[in-house]
1. Under the Kirkwood approximation applied to all pairs of distinct alpha-carbon atoms, what is the hydrodynamic radius of the range 346-459 in Å?
2. Given a Förster distance of 25 Å, report the FRET efficiency between Ser445 and Glu341 from their Cβ-Cβ distance, rounded to the nearest 0.05.
3. For labels at Ser410 and Val387 in the simple 7 Å Cα→Cβ model, what's the distance in nm?
4. Pull out the extension gain between Asp861 and Trp301, defined as 0.36 nm times the separation in residues minus the alpha carbon to alpha carbon distance; nm, one decimal.
5. Have a look at Leu1111, Ala1157, Ala1096 and report the one farthest towards the positive end of the charge dipole of the range 1065-1181, computed about the Cα centre with Cβ charges (Lys/Arg +1, Asp/Glu -1).
6. Label points 7 Å out from Cα along the Cβ direction at Arg52 and Cys164: separation in nm?
7. Rounded to the nearest 5, what % of the DSSP beta bridges within the range 408-479 are antiparallel ones?
8. What are the equivalent ellipsoid semi-axes of the range 311-396, built from the alpha-carbon gyration tensor (square roots of five times its eigenvalues), in whole angstrom, biggest first?
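Just so you know, all these numbers are worked out from the coordinates, no wet-lab data involved. All figures in this text were calculated on a predicted structure; none of them were measured in a lab. A quick note on method: Cβ atoms are made from the backbone with ideal geometry, for glycine too, and the neighbour counts reach across all protein chains shown.
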Amino acid sequence: MAEVDVAPTFGVELKDGLKPANAWVANGIAWLDDIQNFYRERSALEKEHSARLNALAKKYFEKKTRKSTSLSVGDTPAMTPGSLENASLTIWNTHLTTLEARADEHERYGNELIHKVADPLKYYATKFEELRKRHAEYAMKLEAERDSSYTDLRKVKAKYDAVCQEVESKRKKSESSFDKAKAQSNYQQQLQEMNNMKNTYLIAINVTNKQKEKYYHEFIPEVMDSLQDLSEFRTIKLNSIWTMAASLEAKMLTQSNSMMDHLSQEITRNQPHLDSMMYIRHNMGAFQEPPDKVFEPSPVWHDDDIMITDEPAKIFLRNVLNKSKGQLGDLRREVDKKRREVESVKRLKQKVREGTDKQDEVLVVSHLFALQEDLHQVDRKRLTAEVETSTITSAVGDVTLGAKNHNFKSQTFKIPTNCDLCGERIWGLSAKGFDCRDCGYTCHSKCEMKVPAECPGELSKEERKKTKADRQAAAGALLKPAPGTPDHVTELPDLTRSNTMNSLSSGYAASAHRSISGQVTNPRPSEDTTTPELPGSRPAARKPRLVAPPPPAYISELPGSTVNGFNATKTNEQKGKMVYSFEAGGEGELSVSEGQEVNILEPDDGSGWIKVRAGHKEGIVPATYLEIFAAPIVPQDTGSSQTRPGSTYSNSGSSIGTAAPAVKKKGPAVAPRRGAKKLKYVIALYDYAAQSETEHSMTEGERFVLIKEDPGDGYSRYTQRARLSVTAGTSQGSIWTFVEPEKFCMTCLSSSLMARTATLQRYHTLEYYMNIKGAGLNNMAKAPPEHLPPETCPWNPTIQKLRPPGCASPDFIRRLILPPSPLGWSGPEHCVNGTCVYSNIAQNGGVALITSPQHAQIIQDYSVDADGGAYPPPFYVDEIPGKGIGLRANRSIVKGEELMVRTPTLVTQVDAIAELEVAVRDMMYDIAIAQLPKSRRDAFLGQMGRDIHDRIDTNSFQFFVHGTGEKGGGHLGCYPDIARFNHDCRPNFESSRENRNIAVYESADRYSVHYRITNATLTTIASRDIQRGEELTISYVDVFLPSKERKQRISSWGFECACALCQGPKNETIASDKRLRRFKQLKADLNNFKEMKVTAETGAEYTALHEEEGLYAHLGSAYTRAALNFALFGDEKRSREYALRAAEELSLEKGPESGDAQAMRGLAENPRAHWTWGKRRKVEK
């Protein structure tokens, strides 16, 4: 096919296409206005960008000026730097200067866009439009001339037709006229006239045709070609202006690139050591190392710095030396290993810095620092062991040679045992100690270093018993006071005391050879018969450790007993002494101090209370607070003059005195008074044999009054027949007892205790539970009914809501009831009323939960993706006038784009938190926040709010946790990143506080971003295009509320709404409220199928109001109602159209797989098959 040499023209190709061509050219010229407006807006953006860059540079110039000295030479330099700055600050100054220069370039570029691009475009658009209008006017003139020739031709034709008619008339007259000659003459004349007119008509036709030919083939083509030339001329000018704009921008970018190249060259001059050198130069000063520490004698015990080397000290030093020498070798090897690891990572860091290794240097440095910390810790231990070894060796030599050290192992003594060194009891708070694996030597943890290295080796059972008895006897002998005063003790005046009766121990000692630590003395003899005692001949007075006494039925009467040395009173009233202080707390009770003697008026009748008289006052006191003396016996005067004998020493740790100051003792739990409040009873389910004096044996079916429920240490306090006891258990929780008022309870034992307690029966139930430990609640639910606990245990609120119910301590819940936590999760911790704290510092920076165990398990099982969204983020933090810090879009954001995907930092259960007391609630908040890593904790605390609860209430989003089979699934999740969005009643991010449906749009243009929460992960999605530079905002209230109510709710957050809608003209606010009222009415009408006012277009009106009001976050539900309404009226086309729109919006709002989106897609596929089809039409019929 031959090439076309000449481009086709409008006149040749389009013929009579003037009007469309004219419209096309007009559109092209009008488009120039859009282009020039684009460049004007681009110029405004460049100028705004320039202003912002200048403001940014100015801000950080000021910050640099304030911090220059501290950054260069520190806060307290030895020599002031004057105006000098370090190398980094110099480069930073170059950064800011470059930024200012770039801002000037943007300013210049913005001005040139106006003068060299936008203004010429405006000029040419005006001139081209004038030319186009002249073409149009000329075309109209040509058309008018053509129409005029057509009109003239029609007129000639009309005259010709009239002449022809006249000829016919003359002809007929000539035939019927009497004057044939005259008539014939007139006819001939008229015939000639007709011929002349015919010729005129033919001439007119030819002229008109020629004019027409000229019009269509010459005049109009010329005009159209001229229009084509005008359009092409416009394109030429537009190209030249575009070229100018491109060259201007290229020039600006070239200048910016040259600036950045210069900056890059300057950066290379900033060597890392320059800053350090300047800091060193300005901070060099005389350093004086602190002097070594020296021995400082006590102000009350003057001594020298010579180590004590007597035999007890050598024993202690031998044990210390043995331990240090044993650790030294391992510590040296560990130090060498750690040091090699540090050196290896240092070499790796150097490779990374040189670029030969691609690992993250920050992670490498962090790992190096962690290794150095570990090395420091181990090296400190090594140094300590070396110094200890050298110090002891230099003082006493290597005393470990030939030593027979005990093979100790750490032990917790659940059965009371005496220490073989000091003789005191190893039980209770001091239950931890050591036990020699070979000879059975037992001692406190505090006594370990005092034990002589004299282990006889492995012994048989009989040898161990004999050795144990010898050691106990030796320990008891050591505790007896010396007959005289030690040399180093200053003699004090002899202290005497009247005869007293020490409180009887409740039976702590296991030895059968223990004696009563207080004996009754004879009455004081007369002075002439008293034998004087020498100083120091009396044993040192020891204050016995007071414990809750046993019932009086177990106290043996002693011959010659008296009370405090007085004779029996004339009455038969029994006496006693208060072992603990008691404060009256109710009517009829009596306040009595510790040690005060009282007269017993009425004995304990089984309620746990005794009526007494103290002085002239009478009242009741707890029976367990009172030590009852034996019945008074009248003393017999034998005439002998005896002094009070010394007390026989008891092996019981309860009677061993200490030099510690006396502290106020706390009495045991008190049984409730009868009639004061409802008593709680417990019934023993199983037989149990007491393991110590403080425990109480029980038989199956025995009934007790509950004094105090188990506080969490494994004990329940109860009383029976005036005896106070606790259920069996130890600090490790071998046994747990749970009490339910007026109901049977279940006692749970560990497998180790079941193995050694043959007297306990029917524990196969717990053994069954032990076999399924860790299998979770599902397996527990499969247990036979007879194996399930009869009731939920009320003492521990953590398991109140467990189904099936179970009895367990907090640790037992973790190990037995609840399935094992997923990786990284810790908890439950700090449980109150069934609500516990959980945390995971490894999940997306850290998360904390305050919820029930069941909800926590579901949340922990959620599949959580890492925090994400658009990257890099399409927004930046900026100062918003009148609002403070906010977010702006840094680029155009397209509809459907994910902006943020965030997991919560803190999750709280709504109902559970509401039920807690304020102090308890705040405590749990503090505990949960403390579990978070510092970055997440700071992000949470950086949110708006007076305290933690206020921050949660102000910034959280609600979601529901389902699947637990219980109420209270509502949870509040805190997402600090999302909380950065400011408020706007017609926002970018729109969120009602009731349902938390978030959307985003600018107040002026009203485009939006939806959010949805999947499990606990919050995702924000743009629901409409967002332009660069616009603030992203969020509504803190329901957007459907009227303006007055919105303002009232906003004021509850401590500020006034400053959005464009609330601060704009009043007529706009009134119009908005009117639309909102119309929303409410239309929604009610659409929901009522029998409402006769509803038409097929009501749904379309409902969606149009949403778009007019800018509520794009709710278009999904609006389109849904419209689609259903069209289906109700049987409009298949409109129903399908709106259903597709609804599916698109709902896919953004709730996800493409949500039930609502799928339902709308189903309606769009076949509206006639939907259940709503034709319903309103049928109602109308």
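1. Details: mean 1/r = 0.0544 Å⁻¹.
When all Cα pairs of the range 346-459 are included, the Kirkwood radius is 18.4 Å.
2. On the way: r = 34 Å, r/R0 = 1.36.
Step by step, r from the Cβ atoms, then E = 0.15.
3. 2.5 nm
4. Values: separation 560, 0.36 × 560 = 201.60 nm, distance 6.43 nm.
Residue separation times 0.36 nm, minus the Cα-Cα distance, leaves 195.2 nm.
5. Result: Ala1096, furthest along the dipole toward the positive end.
6. Label-label distance for Arg52 and Cys164, simple model: 8.2 nm.
7. Details: 10 of 10 bridges.
Antiparallel bridges: around 100 percent, rounded to the nearest 5.
8. Working: eigenvalues 323, 17, 12 Å².
They are 40, 9, 8 Å, listed largest first.
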